[in-house]
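Let me begin by presenting the structure, written as structure tokens, before commenting on it.
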Amino acid sequence: MLDEIHQAAPDVFAAARTRRSIRAYKPDRVPPATVREIVALGGHAPSGSNIQPWRVHALTGVTLQRLGNAIQQAFLTDEPGHQRDYDYYTDPIEEPYLARRRQCGWGLYGALGIGRGDHAKSKAYRARNYNFFGAPVGLIFTIDRKLERGSWLDYGMFLQTIMLAARARGLHTCAEAAIASFPDIVRRELGITPDNIVICGMAMGYAQPDAVVNTFQPPRIAVDEYAVFLD
């Protein structure tokens with residue numbers, strides 16, 4: 001399985017099976033034509049009445065570094081006045097979702113040797129979210145503030161199409177809701193108008209094969225726990 005994730009996925013089943021949140025990347029440049037090809041394939045995702053609600057900023061080089069540095073600085077200094085444009089989770093999070101979230105978080109930090117309650121180390125690691133885990137490509141996804149939940153459903157299919165397309169080209173991704181925690185910085189740095197909601201970011205690049213963090217994969221519930229097959 002570890003060998004499989006470092007190869008290009010030969011079909012959609014392999015792409016879906018080997019897609020995971022990769023949090024350490026090689027510095028190798030991704031050809032611009034490949035980035036364009038992947039983002040363009042995302043545009044083939046379905047959307048209600050063909051509204052196509054997606055808008056993407058694909059960042060590399062100086063622009064990617066500038067945005068990452070700006071968000072990291074705000075996070076590390078606890079800069080006040082930052083709030084995401086939407087609620088990602090319920091408050092409070094109830095079971096069984098709370099247990100799944102904790103299992104993911106504790107499992108990730110455990111793989112990194114960060115103990116529970118070690119706030120300094122956990123914050124230092126969380127800061128890596130904001131430079132896109134060192135990936136050579138960062139994607140920012142926004143949506144028109146006027147659009148409703150149906151268009152957000154469409155957007156999820158768009159994001160998944162991009163992530164599967166990346167696997168077909170031997171690349172990996174990590175969708176990052178954390179980027180949406182600093183929407184005003186994203187809008188300021190990229191010249192995005194306030195009528196656009198920052199949905200998330202996404203790291204994209206070639207996985208670092210010897211990174212311990214890339215061995216972590218949270219468990220998935222079995223198909224019979226979420227699906228009923230009727231004849």
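The values are calculated or read from the model by the stated rules, or taken from the named source; none is laboratory data. Just so it is clear, the model here is predicted, and its values are computed rather than measured. Here Cβ is always computed from backbone atoms with ideal geometry, including for glycine, and neighbour counts include all displayed protein chains. For the accessible areas, the whole protein counts, side chains as well, though only heavy atoms, and no ligand, DNA or RNA atoms are used. Shrake-Rupley method; radii C 1.70, N 1.55, O 1.52, S 1.80 Å.
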Note on Thr34: of the conditions (1) over 29 Å from Arg145 (Cα atoms); (2) in a loop (DSSP other than H, G, I, E, B), unmet is (2)
I want to confirm something. Restricting to region 123-168 and keeping residues that are of a type in the set (Ser, Thr, Tyr) and open to solvent by 20 Å² or more (accessible area, probe 1.4 Å), which single residue is nearest to Ser181 (Cα to Cα)? Tyr125
Could you list, ordered by first residue, the pairs with Cβ atoms under 8 Å in which the first is in region 116-132 and over 13 Å from Val213 (Cβ atoms) and the second is among the aromatic types (Phe, Trp, Tyr) and open to solvent by 80 Å² or more (accessible area, probe 1.4 Å), at least 6 apart or interchain? Arg116/Trp106
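On the basis of being within 21 Å of Gln65 (Cβ to Cβ) and out of contact with any Asp or Glu (no Cβ under 9 Å at 6 or more places or on another chain), does Thr161 make the cut?
It is false that Thr161 is within 21 Å of Gln65 (Cβ to Cβ) and out of contact with any Asp or Glu (no Cβ under 9 Å at 6 or more places or on another chain).
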In a helix (DSSP H, G or I) and open to solvent by 20 Å² or more (accessible area, probe 1.4 Å): is that true of Leu230 in this structure? no
Is it the case that some residue within region 28-40 is open to solvent by 20 Å² or more (accessible area, probe 1.4 Å), among the small types (Gly, Ala, Ser), closer than 28 Å to Ala111 by Cα and over 19 Å from the mean Cα position of the chain (by Cα)? no
Tally up the residues in region 1-27 that are among the acidic types (Asp, Glu) and either open to solvent by 80 Å² or more (accessible area, probe 1.4 Å) or closer than 11 Å to Leu164 by Cα (or both), please. 2
Give the residue that is nearest to Ala124 (Cα to Cα), with candidates limited to residues of region 42-68 that are open to solvent by less than 80 Å² (accessible area, probe 1.4 Å) and in a helix (DSSP H, G or I). Gly68
Out of curiosity, is Asp195 under 24 Å from Gly68 (Cα atoms), open to solvent by 40 Å² or more (accessible area, probe 1.4 Å) and modelled with pLDDT of 95 or more? yes
Can you go through Ala175, Ala166, Ala203 and tell me which one is within 26 Å of Asp28 (Cα to Cα) and part of a helix (DSSP H, G or I)? Ala166
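Please find, among Ala99, Ala124, Ala165, the residue that is in contact with a Leu (Cβ under 6 Å, 6 or more places away or on another chain) and of a type outside the set (Asp, Glu).
Ala165
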